[in-house]
1. I need every pair where a residue in region 473-491 that is in contact (Cβ under 8 Å) with a residue 40 or more places away in the chain has its Cβ under 7 Å from the Cβ of a residue that is of a type in the set (D, E, K, R), sequence separation at least 6 or different chains.
2. Quick one: which residue in LEU342, LEU397, LEU354, LEU348 is crowded, with 19+ Cβ neighbours inside 10 Å, part of a helix (DSSP H, G or I) and more than 21 Å from the chain's Cα centre (by Cα)?
3. Report, by residue number, each residue of region 175-189 that is modelled with pLDDT of 90 or more and over 16 Å from MET26 (Cβ atoms).
4. I'd like the full set of residues that are more than 22 Å from ALA451 (Cα to Cα) and either β-branched (Val, Ile, Thr) or modelled with pLDDT of 85 or more (or both), limited to region 468-497.
5. Considering only residues that are in contact (Cβ under 8 Å) with a residue 60 or more places away in the chain and either in contact with an Asp or Glu (Cβ under 8 Å, 6 or more places away or on another chain) or not aliphatic (A, V, I, L, M) (or both), look in region 110-124 and name the one that is nearest to SER163 (Cα to Cα).
6. Looking for whichever is touching a helix residue (DSSP H, G or I) at 6+ places or on another chain (Cβ under 6 Å) and either surrounded by fewer than 20 Cβ atoms within 10 Å (Cβ to Cβ) or in a helix (DSSP H, G or I) (or both) here; the options are PHE176, PHE147, PHE181, PHE230. Which one fits?
7. Are any residues in region 362-392 part of a loop (DSSP other than H, G, I, E, B) and more than 16 Å from PRO436 (Cβ to Cβ), and if so, which ones?
8. What is the residue count in region 337-383 for residues that are touching a residue at least 24 places away in the same chain (Cβ under 8 Å) and either among the hydrophobic types (A, V, I, L, M, F, W, C) or touching a Lys or Arg at 6+ places or on another chain (Cβ under 6 Å) (or both)?
Amino acid sequence: MRLIRSVVTISLFTMGSRVFGFLRSMLMATFVGAGAMSDALVIAIKIPSVMRRIFAEGAFNSAFVPIFAGMLAKDGEEKARNYAEQIFSLLVIVLAVVVLFSELFMPYVIKGLVPGFAKTPERLQYTIDFARITFPFLLFISVCALFSGILNSLERFAYAASSPMFGNISIIATFFALRSFTTNNGQAFAIGISVCGIIQALWVMIPAWRKGYALKLRKPKITKDVKKFFKMLLPVVIGGGVVQINMFLDIIVGSFLKEGGISYLEYADRLNQLPLSTVGIAMGTALLPMLSKQVRTKDYDTAHKTQNLAFEYAMVMAVPAAIGLFVLAGPIAQVVYLHGKLQPQDVLQISYTLMAFSLGLPAYIMIKIFTTTFFAREDTKTPVKIAVAAMFLNLTLNLILIRFYEHVGLAAATAIAAWANALMLYIFTQKRDIMPISDRFKKFLPKLAIASAACFVSIYYLRDAFWSSMQGSRLTEITALVVMIGAGVLSYALACYCMGIIKKSDLAKFIPKRNKRHS
């Protein structure tokens with residue numbers, strides 16, 4: 001049950017991060033609203049965030065962590081430390097050049113990525129100004145990813161898991177500290193993003209140093225292990241590039257939306273990211289180093305059990321989360337965003353977008369599990385090929401659906417493409433017999449369907465009977481939302497218990513045993 005305990009640890013800190021992320025989004029909605037400035041700020045944050053998924057999350061979760069964790073298991077700390085130092089030096093040098101180049105040519109970068117903004121010069125200039133402030137975030141957050149990979153490989157998950165929470169806190173604190181010195185609230189948020197990168201990097205570097213991993217910059221050498229890293233990295237960068245190209249294509253297509261459309265997508269995605277990060281990212285983060293060690297030591301039976309257990313518990317949490325977001329999209333959006341500069345029509349559009357995003361939530365989490373299965377076996381090519389196919393599907397759907405449903409169509413295209421991606425990954429895991437589905441999991445699926453139906457019915461009917469009568473006071477609206485969510489959780493938990501999905505024996509494994517002392 002180490003996997004589940006690790007996931008719980010990561011999930012709790014991720015939940016904290018998302019709570020402060022919600023607060024950040026609420027502040028942004030309150031003080032920036034949905035218009036030219038908010039659209040510009042969203043793009044200025046999204047560009048370095050998308051690029052970090054190539055240099056940080058994509059590279060180190062799929063190439064660095066399996067090699068580093070394997071070295072720790074077989075070759076010892078000294079060799080692992082030397083390897084980490086070589087990669088650290090390469091990372092800093094490459095990203096310093098990328099950041100400098102981007103700062104110098106930012107107007108051309110922005111005009112190329114958001115051509116639709118040319119029709120709104122104010123929005124375009126805001127984006128250029130904000131992006132120059134936010135871009136150093138890429139360097140700091142990538143360094144954070146490397147040291148997080150080291151700590152995760154040492155099974156010290158709390159530091160890396162808690163760093164985003166303190167990053168979001170630093171954004172909020174920076175905004176309030178600067179707000180009295182500037183009338184441009186977007187600029188204050190943009191500065192907060194760069195401060196966030198610095199705080200997150202220091203948050204994981206210091207505990208890594210204490211564990212003996214005070215990495216120094218040195219002249220990089222292309223050793224055998226570094227060559228292996230690049231051999232694994234190349235398809236990941238191509239695959240990550242495909243995924244990021246897909247995201248950039250979303251940005252390009254989205255730039256032709258009316259003012260506020262990009263903001264609707266961002267605010268809805270922030271809500272959708274809560275269960276995705278809490279379940280999917282936490283599961284993938286905890287699973288990769290553990291699975292890498294099991295595969296490296298050829299303990300395949302344990303690896304298969306670990307994968308099935310991860311899949312089962314991920315679905316237990318993902319499916320009801322998707323149901324809750326879909327059914328309660330309107331009440332959630334209203335409680336979170338209906339204040340400040342956002343108007344009721346803005347909140348309505350956010351709720352429609354959230355409903356579309358939520359349909360793909362289980363697929364997003366399945367992708368995390370399946371890709372981790374390939375990465376742990378040092379196979380980074382298969383997910384790349386599948387990502388290419390998903391990219392073309394998403395782009396095609398974007399171009400079709402935006403004509404009829406605007407921002408909601410873009411969210412729906414993302415959800416459909418995610419399901420196609422997850423299905424293709426599953427097919428390949430079965431063809432290669434690297435994730436055989438256990439008998440326990442086959443029996444689990446119909447039970448999950450029944451429990452999920454109970455959750456849907458309870459939330460749906462309670463919303464229709466309860467929500468409309470609780471309008472008016474903000475306090476009563478919050479109370480009503482909490483009651484509806486609580487009823488859904490309770491009905492789902494009871495159904496899971498009655499169906500045998502949740503067992504006392506499983507719950508007991510989460511409770512640490514105390515050593516009794518006898519005098």
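1. Within 7 Å, the pairs are MET484/ARG463.
2. Matching residue, one of LEU342, LEU397, LEU354, LEU348: LEU397.
3. If we filter region 175-189 for residues that are modelled with pLDDT of 90 or more, which is where we start, we get 175-178, 185-189.
Listed by number, the residues that qualify are ALA177, LEU178, GLN187.
4. THR476, GLU477, ILE478, THR479, ALA480
5. ARG123
6. Values: PHE176 fails: touching a helix residue (DSSP H, G or I) at 6+ places or on another chain (Cβ under 6 Å); PHE181 fails: touching a helix residue (DSSP H, G or I) at 6+ places or on another chain (Cβ under 6 Å); PHE230 fails: touching a helix residue (DSSP H, G or I) at 6+ places or on another chain (Cβ under 6 Å).
Going through PHE176, PHE147, PHE181, PHE230 in turn, the sole match is PHE147.
7. Hits for region 362-392 are GLU378, ASP379, THR380.
8. The qualifying residues number 17.
The values are calculated or read from the model by the stated rules, or taken from the named source; none is laboratory data. As the structure is a computational prediction, the values presented were derived from the model and not from experiment. Positions of Cβ are backbone-derived with ideal geometry, glycine not excepted, and every protein chain shown enters the neighbour counts.
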